[in-house]
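The values are calculated or read from the model by the stated rules, or taken from the named source; none is laboratory data. Nothing here was measured: the structure is a model prediction, and the numbers come from that model. Heads up, the Cβs are rebuilt from the backbone with ideal geometry, glycines too, and the neighbour counts pull from every protein chain shown.
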């Protein structure tokens, strides 16, 4: 039997170890260098790598770079024209941009075109039907939108937002009972859906039903600083002539929105109804401070000053209302009547002193 030289074996083993270390080191170095490359640099090396393109799309989407997403999506669609998800995402992005930038007139139609292509490829995507319904809702095609939302809910019932949007459709068609059912369904699916409570509040508000307060309060429990809900709650009390609650409601609103011009104006209107004209005049002044061209507030403050006997200031306010809105009938009539009354008084005064 041939005996191996011990030193030779050790040398070969050492050579193997060094060679293995060199290969591993090269591999790790290559991987580290590759990891240092940005997504865009990787895509330049592999321009048709869909995985990398999707990674960059998701990265840009999270950063709000929506136009950049569309560029990559167009490329993905060219690579794989039968991928329904790419059409869906393109539609979603076109629609999102159109809601923020109204100058993109063609984007809503592009959104509809792409979602139609997505649905044509895949007939079992609840999100695609929901998006098509939302786009049709934006176009005012309520009946077609209802059909899409119902198809979406057939595939996945537990979509709180879709129930809410379905409620919007029925509300716009003046089908109030169905809209109420949809808003309730939305809350059943997601009890934290603030907008559904707000919508129920508004529906019952229109009926002057005190259930409106229940749903406004439910919305405020979830979002106590919601300006619109605080305003609507105070306005409901005003509409049912519960003025104490209305005044309290508007004061609560001013804690979060101190320059809410409509809130100040409505508070002035309440005090004018109560014939507390000095306080009402201050409320209208606050409304004017919040919005300097608030012609209704100038007119209403003019009425207050006229009732307080401050005729000169009333005349100034009526004139200012007409400067802002020359065809404002109420101010014109009040101003003309004030001049007629003043002329009559001046005539009677001069006659007595002859």
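A single member of 246, 219 is buried (at least 19 other Cβ atoms within 10 Å of the Cβ) and farther than 19 Å from residue 165 by Cα, and it is 246. Only one entry of 266, 260, 307 meets the criterion of being closer than 21 Å to residue 328 by Cβ and within 31 Å of the chain's Cα centre (by Cα), and that entry is 266.
(1) buried (at least 19 other Cβ atoms within 10 Å of the Cβ); (2) on the phi > 0 side of the Ramachandran plot: which one isn't true of residue 208, the others all being true? Condition not satisfied by residue 208: (1).
Tell me yes or no: at least one residue of the range 189-199 is within 18 Å of the chain's Cα centre (by Cα) and within 28 Å of residue 283 (Cβ to Cβ). Yes - at least one qualifying residue is present in the range 189-199. Kindly provide the set of residues from the range 136-153 that are within 22 Å of residue 94 (Cβ to Cβ) and outside any loop (DSSP other than H, G, I, E, B), ordered by number. Residues satisfying the conditions are 136, 137, 138, 142, 144, 145, 147, 148, 149, 151, 152.
Residue-by-condition table, conditions (1) in a helix (DSSP H, G or I); (2) modelled with pLDDT of 95 or more; (3) within 28 Å of residue 161 (Cβ to Cβ):
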residue	(1), (2), (3)
40	yes, no, no
48	no, no, no
54	yes, no, yes
64	no, no, yes
76	yes, no, yes
103	no, no, yes
112	yes, yes, yes
120	yes, yes, yes
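Looking at 59, 98, just one residue is crowded, with 18+ Cβ neighbours inside 10 Å, out of contact with any strand residue (DSSP E or B) (no Cβ under 9 Å at 6 or more places or on another chain) and in a helix (DSSP H, G or I), and that residue is 98.
When 185, 124, 178, 116 are checked against the criterion of being closer than 30 Å to residue 205 by Cβ, more than 19 Å from the chain's Cα centre (by Cα) and surrounded by fewer than 17 Cβ atoms within 10 Å (Cβ to Cβ), a single residue qualifies: 178. Tally the residues that are part of a helix (DSSP H, G or I) and either at pLDDT below 95 or farther than 18 Å from residue 153 by Cα (or both), restricting the search to the range 163-215. Final tally of qualifying residues: 21.
Let's see how each residue does on (1) free of Cβ contacts under 8 Å to residues at least 12 places away in the same chain; (2) in contact with a helix residue (DSSP H, G or I) (Cβ under 8 Å, 6 or more places away or on another chain); (3) more than 30 Å from residue 207 (Cβ to Cβ):
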{"residue": "242", "(1), (2), (3)": "yes, no, no"}
{"residue": "249", "(1), (2), (3)": "no, yes, no"}
{"residue": "262", "(1), (2), (3)": "no, yes, no"}
{"residue": "272", "(1), (2), (3)": "no, yes, no"}
{"residue": "280", "(1), (2), (3)": "no, yes, no"}
{"residue": "286", "(1), (2), (3)": "no, yes, yes"}
{"residue": "298", "(1), (2), (3)": "no, yes, yes"}
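Pairing each residue of the range 32-45 that is surrounded by 10 or more Cβ atoms within 10 Å (Cβ to Cβ) with any residue that is outside any helix (DSSP H, G or I) and modelled with pLDDT of 85 or more, provided the two are 6+ apart or on different chains, yields C-beta distances under 8 Å for 42/49; 43/49.
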